[in-house]
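Engineer: Right, I'll just put the structure down here and ask away after.
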Amino acid sequence: MLLAIVFATVVGSTPVQASAASEPTAAVDETAPVEVPAPTEKALQYHRSGNVLWVVDIVWSLAMLIVILATGFSATLRNWSQRIGRRWFFTLVTYFVLFNLITSIVDLPRAYYEEFVRQHAYGLSNQTLAKWWSDTLKSFGVSCIVGVLLLWVPYLLLRKSPRRWWLYTGLALVPFIIVGTLVAPIWIAPLFNTFGPMKDTALEARILALADRAGIENTRVFEVDKSVDTKTVNAYVAGLFNTKRIVLWDTIIRRMSQPELMFVMGHEMGHYVLGHMWYLVGLQTLLIMSSLYAAYRTAGAAIARWGARFGFTTLADVASLPLILILINAFSLIVQPLALGFTRYTEHEADRFGLEITQTNHSAGTAFVKLQEDALAVPRPSLLFKLWRESHPPLGERIDFTNEYHPWRDGQPLVYGDRFKR
Ligand SMILES: [Zn+2]
């Protein structure tokens, strides 16, 4: 959902064991195809209950906003905020903090069930309750700060330009989106976990050599203690210039063999080298602008009809926040398939980059099999699920691609070959 993109917050110790990736690996026949495993009964159950929860969550968040709006509680909150904040800016800040506090408290049982109880029930989590609470409180703090930094932009523009505010807000948020995209992995993620140097220096050297071949210079490798939170695995490349960094969760280092890990690294480096971060900034700007435009076109009718009940007569009144969020969320849901189609395209190209630079098809396939098993993923979900929920191609399709894509074996040119240093 767009709100999740705009107010993106990162939520996140077992002693370190010898990493799988550092162990000598038996010779792998990289031309042998990999079979897509059928999902287990547990994975199917997780998938189905996850779909039910997805619908429940949408209805629940809409219902919460509608109640706040239709009971006139939003207008009451604005009155309190005016008394506490007095001036325009501080009224906005007070309103947002109170709104965020109240909705977070009402939402707490849902978050506790989905993030803690359910993850433990399926054996996906290592998190202690204390860590969940501290992460939840930190996320709340981060979302308050982000809200305070951003919310004045649309509300100021709503006052100055009632007809074009959606356009100017979209443009004004571009620098915030860029900083947010760059800063989130560097400033925010370390609030939740410990980022340290790679413990396995031989593996680090191999990763840096691959980065060098991919054209990423002067980078650093970090290992994160994500095993305190989860049993799932991940890695990414983030930052720009001197903040450039390759980050590996400790879980992935333990779980994957060295060639598997190198393919994953190749994929992540692909995102970086191909500039997917900038595509994402463009996509988010477009999504924000178009959803604000949708809110602008529809809010007037809602206010004309129910304004007396809502307790405000113009969108420029901060009491309109729940109304704007309802309209933005409804619009995001409609355009979700387009946005996800775009991210699936970038993920597919990153897979291609990873395969071309490592040329280890079999290891790429077995890495995906491990991802499927660890995340209880369903490799060939329904079309509806793919369109509305999958930011990555389904794992079955990714394994198919690793089995089929090997132009170097057939003397065909590589798509990204000119980007490799050698
Ligand atoms: Zn990716």
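Engineer: What is the Cα radius of gyration of segment 153-307 over 2.2 N^0.38 Å, N being its residue count?
Structural biologist: 1.38
Engineer: Hey, any idea what Rg/Rh is for segment 33-180, computing Rh the Kirkwood way over Cα pairs?
Structural biologist: Answer for segment 33-180: 1.08.
Engineer: Can you compute the helix-only [θ] at 222 nm over the chain? Use -39500 (n - 2.57) per DSSP H run of at least 4 residues, normalise by all residues, nearest 500 deg cm²/dmol.
Structural biologist: -21000 deg cm²/dmol, from helical runs alone.
Engineer: So for each of 283-293, 189-199 I average, over its residues, the number of other beta carbons within 10 Å; can you give me the resulting order with the highest mean first?
Structural biologist: Highest-to-lowest ranking by the protection proxy: 283-293, 189-199.
Engineer: Moving to a separate point now. Given bins 5 angstrom wide, list per bin the percent of all Cα-Cα distances in segment 121-161, short to long.
Structural biologist: Going out from 0 Å in 5 Å bins, segment 121-161 shows 5, 19, 13, 14, 12, 10, 9, 7, 6, 4, 1 percent.
Engineer: If I histogram all Cα-Cα distances within segment 219-372 using bins 10 Å wide from 0, what percent of pairs lands in each bin?
Structural biologist: 10, 27, 24, 18, 13, 7, 1
Engineer: Continuing with the same structure: So what J values fall out for segment 295-303 if you push phi through Karplus, 6.51 cos²θ - 1.76 cosθ + 1.60 with θ = phi - 60°, rounded to Hz, Gly and Pro as x?
Structural biologist: 5, 4, 6, 9, 5, x, 5, 5, 5
Engineer: I've got another one for you. Which distance in nm do the two modelled labels at Val56 and Ala202 give, with both placed 7 Å along the Cα-to-Cβ direction?
Structural biologist: It works out to 4.8 nm between the two label points.
Engineer: So, one more: Determine, at each q value in 0.14, 0.22 (inverse angstroms), the log₁₀ of I(q)/I(0) that the Debye formula gives when each Cα of segment 306-357 is one equal point scatterer.
Structural biologist: -0.57, -0.82
Engineer: Please give the per residue accessible area of the chain, computed with a probe of 1.4 Å over protein heavy atoms only, in Å².
Structural biologist: It amounts to 48 Å² per residue over the chain.
Engineer: I'd like the distance between the alpha-carbon centres of segment 181-257 and segment 111-138, rounded to an integer number of Å.
Structural biologist: Cα centroid to Cα centroid, the span is 23 Å.
Engineer: Return the distance in nm (one decimal) between the two label points of a simple spin-label model at Phe89 and Asp418, each offset 7 Å from Cα along Cα→Cβ.
Structural biologist: Each label point is offset 7 Å from its Cα along the Cβ direction, giving 5.0 nm.
Engineer: Something else: For the chain, give the percent of accessible area contributed by carbon and sulfur heavy atoms, probe 1.4 Å, rounded to a whole number.
Structural biologist: 64
Engineer: Provide Rg and Dmax in Å for segment 286-422, with only Cα atoms included in the calculation.
Structural biologist: My reading of the Cα-based Rg and Dmax gives 22.4, 71 Å.
Engineer: Of all DSSP beta bridges located in the chain, what percent are antiparallel, nearest 5?
Structural biologist: 60
Engineer: What number do you get for segment 362-422 when its Cα radius of gyration is normalised by 2.2 N^0.38 Å, N = residues?
Structural biologist: That ratio works out to 1.38.
Engineer: How large is ³J(HN,Hα), in whole Hz, for each residue of segment 316-323 in order, when computed from phi with the Karplus curve 6.51 cos²θ - 1.76 cosθ + 1.60 and θ = phi - 60°, using x for Gly and Pro?
Structural biologist: With coefficients 6.51, -1.76 and 1.60, one gets 5, 7, 4, 4, 7, 3, x, 5 Hz.
Engineer: Which whole-number value in Å³ per residue fits the convex hull of the alpha carbons of the chain?
Structural biologist: Given the Cα convex hull of the chain, per-residue volume reads 150 Å³.
Engineer: Over all alpha-carbon pairs of segment 46-124, lay out the pair-distance distribution in 10 Å bins, whole %, shortest bin first.
Structural biologist: Each 10 Å bin holds this share of Cα pairs: 16, 36, 24, 16, 6.
Engineer: Rounded to the nearest angstrom and ordered from largest down, what semi-axes does the equivalent ellipsoid of segment 83-165 get from its C-alpha gyration tensor (root of 5λ)?
Structural biologist: Output for segment 83-165: semi-axes of 35, 14, 10 Å.
Engineer: With the calculation restricted to Cα positions, what are the radius of gyration and Dmax of segment 90-242 in angstrom?
Structural biologist: 19.9, 59
The values are calculated or read from the model by the stated rules, or taken from the named source; none is laboratory data. A quick note: this is a predicted structure, and the numbers were derived from the prediction, not measured. Cβ atoms come from the backbone with ideal geometry, glycine included; neighbour counts cover every protein chain shown. When the accessible area is computed, the model is the full protein with side chains, heavy atoms only, and any ligands, DNA or RNA have been set aside. Shrake-Rupley method; radii C 1.70, N 1.55, O 1.52, S 1.80 Å.
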